[in-house]
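First comes the structure, then the notes that go with it.
Just so you know, all these numbers are worked out from the coordinates, no wet-lab data involved. Keep in mind that this is a model prediction, so the values were computed, not measured. Heads up, the Cβs are rebuilt from the backbone with ideal geometry, glycines too, and the neighbour counts pull from every protein chain shown.
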Amino acid sequence: GSYPFEDPNEPKDFRKTIQRVLSVQYSIPDNVQISPECRHLISRIFVFDPAE
């Protein structure tokens with residue numbers, strides 16, 4: 001498995017993971033089966049600007 005904020009090229013690099021969290025860079029693995037509605041919800045939860 002992998003975490004949504006891991007750097008795909010360097011998954012063990014904690015600093016890159018933190019940077020990806022702070023800049024809201026995430027990915028949902030292709031093998032994870034979720035509905036379009038769930039993808040939309042996730043995209044609305046993970047936003048850079050909390051005013052949005």
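Points worth noting:
- Pairs where the first residue, in the stretch 12-24, is in contact (Cβ under 8 Å) with a residue 12 or more places away in the chain and the second is β-branched (Val, Ile, Thr) and loosely packed, with under 11 Cβ neighbours inside 10 Å, C-beta under 9 Å, 6+ apart: Val24/Val47
- Residues located in the stretch 40-52, provided they are surrounded by 12 or more Cβ atoms within 10 Å (Cβ to Cβ) and either more than 14 Å from Val21 (Cα to Cα) or in contact (Cβ under 8 Å) with a residue 40 or more places away in the chain (or both): Leu41
- For the stretch 9-36, the set of residues classified as among the charged types (D, E, K, R) and not in a loop (DSSP other than H, G, I, E, B) consists of Arg15, Lys16, Arg20, listed by residue number.
- Answer residue from the stretch 1-38, given it is among the charged types (D, E, K, R) and exposed (fewer than 12 other Cβ atoms within 10 Å of the Cβ) and is nearest to the chain's Cα centre (by Cα) among those: Asp30
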